[in-house]
Every structure is written in C-alpha cells, then in structure tokens.
Amino acid sequence: MVGGLRNADDFREAARRRLPRLLFEYIDRGAEDELALGALRRSLDEIQFMPRMLTGHPTRDLSTTVLGQRAELPIIVAPTALAGLASHNGEIKMARAAAKAGIPVCISTQSITTIEEIRAGAPAAMLWFQLYVWKDRSLTRRLMERAAAAGATTLVLTVDTPVVPNREYNARNGFSIPMKITPRATAEVMMHPRWLFGVLLRYLLSSGMPVYGHYPKEFRAAMTRPSVANAVKLENLLNWDDLRDLRQWWQGKLVVKGIFSVEDARKCWEIGADGVVVSSHGGRNIDSAPPTAQILPPIADAVGKHIEVLADSGVKRGSDILKYLALGARSVMLGRLPIWGLVCGGEAGAHALFEMLKTEIDITLSLLGARTPGDVELLLPRAASR
Ligand SMILES: Cc1cc2nc3c(=O)[nH]c(=O)nc-3n(C[C@H](O)[C@H](O)[C@H](O)COP(=O)(O)O)c2cc1C
C-alpha cells in the first residue's frame, strides 16, 4: 500500500493534492458537461453479479492471453498523452511497473519520453504503441517503424479524436498544448512545490521543457512555443482506406481504438484488424457518447469470435473490470488510474495500484464462487443485456 491509499478514490484524491490544478483537471475531467463521465459510472454501477455458492475453488486464475501475449492480469495500461508529467520519467516508470505486474503498456504518440528511451529504461516491458495518424504519412510511417524497432508488438490506432475535443476547463486553467505560461498557471505551479521540484524542474534541468518526444526534431516545439507544424497535425480526414494502408504497413497486431458500432467493428475485422477497443475515451471526447457497458455486448457478439474485443472507460474498481470482461471484453484498458498511481508513488505507486486492483478482482471472484473471470455471471439492467 502507498501511504495508506486503499482504493482508487484515495489515489485520485492524493493526486489532486499533489498536482497543479491545470494538470489534475486535464487528466481527471471529461468533455463539455461531463455527461459521458456520469453515464459511464451509472452504466457500471447498475450491473450486478449473480453469485454462485459452494463451488469450492481453492485458488483463482486471473491470467489471460491478449493479442498473442500472456498477461498476468486482464488489464492493459491505456495510452495517455503527457503521462510523463505525472512523475519525472513517468512513462518509463509506468512501463517498469506494468512489466513487474506482467501486463502490457501502450505508449501514446504524445508521450513525453520516446518509445526507444522507454524500451531502454524498461527492457522487460510488453510495449504496445498507440498511433495518432499525422497529416504527413511518410512521417507517420517512420514513427511506426520506430515503434516496431523498439519492440512494440501491437499498434493501437486511435480513430475517435479527429479534432481537439471541447474541454472548457483547460482553457480556463490556461492548460493547452503547446503550454502557455500564464500568471494563473504559474501561480498554480508555485503552489505545488512537490510537483515543481520533483517533476518540472527535473525535466528543465535535464532535457529542457517537456515536449511530445516522438515529434520529429525539426517540428518539435517546446510546449511553450507556438503550435506544431502542419505535417504533424493529427489527420482529421481518416477513412477506411487509411486503415487498409496501415494494415499493409504494420506487420504486428493491429487494434482500432474508439469503436462504438457493430458495423464499424465488422469493417475493422474485414480489413484485417486483430482487435478493437470499445471506448468512449474515458468520457473525454463525445459528451453524449454511449457508455462502453451498453455497446460492448453487441460488438462482442458480432466480432468477438474473429478478433479480440477490448474495452475501457470509467473503471474504478476490480469489479468494474470483471463487468467489462463478462460483457465480452478480452481485457480492459485503464487510463486515469495508473496515472494516479504514478503521481502518488512513481513506479512503486503504479505497481501498488495494479496490486490493489488484483486484490479487488480476487476478492470479488472468491465471493462470487468463480475461479476465473470467465465464470462470472451478471444480472443486467434491460438496456445492457447480451
Ligand atoms: C490524460 C489522458 C490522456 C489520454 N491520451 C490519450 C492518447 O494520447 N491516445 C489515446 O488513444 N487515448 C488517450 N486517452 C484515453 C485513454 O487511452 C483511455 O481510452 C481512457 O482514459 C479510458 O478511460 P479511464 O481513464 O476512465 O480508464 C487519454 C486519457 C487520459 C485520461
């Protein structure tokens, strides 16, 4: 346990105290009126388990295989931009913690530390790479080659973010990429000396102002400088032919993240993707997006026999993970929770968070009389029934 932190809310609250408000809210909050965030929570809370008694299992087995790799837990660290701001060299620490827990970690295109540096710092990590397609396809392809060379086995193509989503608090707080030094932001940072000295100043003294590490040198702008060049703007016109191209270019496993409809999941399968992530991006993009629990069952039914269906968004407890698994997910991605772990205790903090979830899953399985997540039976509200 890290400093008496017993559940996800404890970690979140401790992180809130440690981080400047502009960074905490960037990580924690959702889009617009945060309807999607509320819907995620409600949809998970209204699902119940049907316990079975007298099953007499002496031990539980939480291991699984995902995209051809064995994992000790049905968890994957989701890609999160700027996770390196949560802790100095945070992305390396996260990869090390995930390796220790025996789970894959997906590195964002917009991480601060490059995938090569993360590989060097975490040789045992099961690295995946998340791709935002840039306007310049040759630069995009070069980025994919770097990910492959660093040993990323799975490419996660994110398709749900064609534009910067509307999150007004970021503007109010003065948080933008590139970062702008406003009086308000500066005051906030000064009021959080642990973050100022432990994270920001350490970057400033070693490598300078933190930047998106994967952006090509000639385009890389310190976050305090004007916007990145056109070539590395996120492609807002992605279509199915782009997915076909990526399938040709990428030799490893290919997963499409941000799928809501059965039709789109089928198309991904037909084009040769190995998996999809059913996700509302943690309630951060479309504010009236349907919650994962609602759309996961029909997608899993339609394509789950052919490709792997992963899920994310809104997870707070081990029991939430079991619910997504029982609704048809093969494994569950976690975005915010591992970041809170990093903020609270670096590598050890992220690892403690994985251990906490493992314990929660294990206790829930035991109480349900289940040996594996596959044994779990749900009592569904009408809208979510499979
Ligand atoms: C701070 C933050 C940054 C994120 N950056 C990315 C990103 O760069 N690429 C991406 O595909 N998803 C990104 N996401 C979404 C996560 O991958 C994931 O879908 C989401 O966080 C899951 O919800 P949860 O945070 O409730 O677990 C980000 C999420 C957060 C919280």
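The values are calculated or read from the model by the stated rules, or taken from the named source; none is laboratory data. Everything numeric here is computed off the predicted structure, so don't read it as measured data. Counting neighbours? That spans all protein chains shown, and the Cβs are built from the backbone with ideal geometry, glycine included. Please note that ligands, DNA and RNA were not included when accessible areas were found on the heavy atoms of the full protein model with its side chains. Shrake-Rupley method; radii C 1.70, N 1.55, O 1.52, S 1.80 Å.
Per-structure values
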item	result
Scan of segment 93-119 for residues that are in contact (Cβ under 8 Å) with a residue 60 or more places away in the chain, away from the ligand (no atom under 11 Å from the Cβ), under 20 Å from LEU131 (Cα atoms) and out of contact with any Pro (no Cβ under 8 Å at 6 or more places or on another chain), ordered by number	ILE103, THR113, THR114, ILE115, GLU117
Any pair with Cβ under 8 angstrom, 6 or more apart, that starts in segment 70-85 at a residue that is within 14 Å of the ligand (Cβ to nearest atom) and among the hydroxyl-bearing types (Ser, Thr, Tyr) and ends at one that is modelled with pLDDT of 95 or more and open to solvent by 20 Å² or more (accessible area, probe 1.4 Å)	THR80/GLY335; THR80/ARG336
Matching option when the condition is open to solvent by 10 Å² or more (accessible area, probe 1.4 Å) and either in a helix (DSSP H, G or I) or more than 29 Å from ALA86 (Cα to Cα) (or both), among ALA370, ALA348	ALA348
Filter result for ARG41 (touching a residue at least 24 places away in the same chain (Cβ under 8 Å), outside any loop (DSSP other than H, G, I, E, B) and within 12 Å of the ligand (Cβ to nearest atom))	yes
Segment 213-257: number of residues that are modelled with pLDDT of 90 or more, part of a helix (DSSP H, G or I) and open to solvent by 80 Å² or more (accessible area, probe 1.4 Å)	3
The lone exception for MET333 - which of (1) within 11 Å of the ligand (Cβ to nearest atom); (2) touching a helix residue (DSSP H, G or I) at 6+ places or on another chain (Cβ under 6 Å) it fails	(2)
Hey, GLN130 in a loop (DSSP other than H, G, I, E, B), within 13 Å of the ligand (Cβ to nearest atom), closer than 30 Å to SER288 by Cβ and modelled with pLDDT of 95 or more or not	no
Given (1) surrounded by fewer than 22 Cβ atoms within 10 Å (Cβ to Cβ); (2) part of a loop (DSSP other than H, G, I, E, B); (3) not charged (D, E, K, R), index of the condition ALA148 fails	(2)
